[in-house]
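Asker: Provided herewith is a single structure, encoded as C-alpha cells, for subsequent inquiry.
The values are calculated or read from the model by the stated rules, or taken from the named source; none is laboratory data. Predicted model only: the values in this text are computed from it and were never measured. Using ideal geometry, Cβ is built from the backbone for each residue, glycine included, and neighbour counts are taken over all protein chains shown.
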C-alpha cells in the first residue's frame, strides 16, 4: 500500500473543512449592523411623520414608510429579502384598498400592525434557527460569570468618562463612546448571544435619533439609558439561569 502524499493529505483536509462548513449555516443578517439599521430607519420614519400632512394618498404615505423599512433590511444585510418583499406587497395592497375606499382609515393601522408583526416574526425565526444551531454546537454558558464583576466596574468607569447627556449635538459622540465601553464589557465576559447586546444598542441609537429630532430631552435619554442597561443585565441573569437549569436537568454523563 503506497503512502499518501502531503498534497493528498492536504486535499483530504480541505475537503473535510468544506463538507463540515457546508452544514454550518451563515447568519441571516449582520447582527453588528442592527444599531445602525435601527437608527437609519428611525430617522427616515421621523422624516415621514414630519411631512405627513403633505401626503395626498395613503399609498404615498406607505411608500415613504416602506422605504424606511427597506433601508433597515439593506443596512442589516438581510440575506433573504423575500419576507420584506412579501411584506411590502401586502402593505401596498392595503394602501390601494384604503385609497379606493374599500378599507377605512380606522381599520388600516391594525391591519398594518398585523403585517409588520408577521414580517418581524419571519425574520426572527431565521435568527432563532441560526442561533439554536450555534448553541447546539457550543453548549457552554452564555457568558463567563466570574469575569462579570470586574468587567462591570471597568464599564461603569469608562461610561462615566464619556461625559453626561448634555445636549443633542453631543449625543452621537456620547453614544459611540458609551457603546464602545459596553462592547468591551460583553467581550470581557465572553458573551455568546450578541444579538441581545446589539438589540440593546439599537434602542439606545433610536433614543439618540429621537433626541436629535427633538422628541426626547437629554434628561430623558439619561434615564432611558440606565433603564435599558439594567434590563440588559436582567437578561444576562435570565440567560445564565436558563442555562444552569437546562444543565441541571440533563442526565449525568457516564
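Asker: Just the residues that are assigned to a helix (DSSP H, G or I) and in contact (Cβ under 8 Å) with a residue 40 or more places away in the chain, please, taken from the range 23-43.
Answerer: Step one: of the range 23-43, the residues assigned to a helix (DSSP H, G or I) are 31-43.
Residues satisfying the conditions are 31, 32, 33, 34, 35, 36, 37, 38, 39, 42, 43.
Asker: Out of 119, 131, I need the residue that is touching a residue at least 60 places away in the same chain (Cβ under 8 Å), in the same structural domain as residue 58 (by TED's automatic domain parsing) and either closer than 26 Å to residue 65 by Cα or in contact with a helix residue (DSSP H, G or I) (Cβ under 9 Å, 6 or more places away or on another chain) (or both). Which one? Reasoning before the result, please.
Answerer: Numbers: 119 fails: touching a residue at least 60 places away in the same chain (Cβ under 8 Å).
Matching residue, one of 119, 131: 131.
Asker: I would also like to ask the following. Quick check on residue 224: is it in contact with a helix residue (DSSP H, G or I) (Cβ under 6 Å, 6 or more places away or on another chain), free of Cβ contacts under 8 Å to residues at least 24 places away in the same chain, under 30 Å from residue 40 (Cβ atoms) and in a helix (DSSP H, G or I)? Let's see the steps before the verdict.
Answerer: Details: in contact with a helix residue (DSSP H, G or I) (Cβ under 6 Å, 6 or more places away or on another chain): yes; free of Cβ contacts under 8 Å to residues at least 24 places away in the same chain: yes; under 30 Å from residue 40 (Cβ atoms): yes; in a helix (DSSP H, G or I): yes.
It is true that residue 224 is in contact with a helix residue (DSSP H, G or I) (Cβ under 6 Å, 6 or more places away or on another chain), free of Cβ contacts under 8 Å to residues at least 24 places away in the same chain, under 30 Å from residue 40 (Cβ atoms) and in a helix (DSSP H, G or I).
Asker: Residue check: is residue 117 under 26 Å from residue 47 (Cβ atoms) and part of a helix (DSSP H, G or I)? Steps first, please.
Answerer: Details: under 26 Å from residue 47 (Cβ atoms): yes; part of a helix (DSSP H, G or I): yes.
Yes, satisfied.
For (1) farther than 30 Å from residue 130 by Cβ; (2) under 19 Å from the mean Cα position of the chain (by Cα); (3) part of a loop (DSSP other than H, G, I, E, B), each residue gets a yes or a no:
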{"position": "45", "(1), (2), (3)": "no, yes, no"}
{"position": "49", "(1), (2), (3)": "yes, no, no"}
{"position": "59", "(1), (2), (3)": "yes, no, no"}
{"position": "62", "(1), (2), (3)": "yes, no, no"}
{"position": "66", "(1), (2), (3)": "no, yes, no"}
{"position": "88", "(1), (2), (3)": "no, no, no"}
{"position": "98", "(1), (2), (3)": "yes, no, no"}
{"position": "109", "(1), (2), (3)": "yes, no, no"}
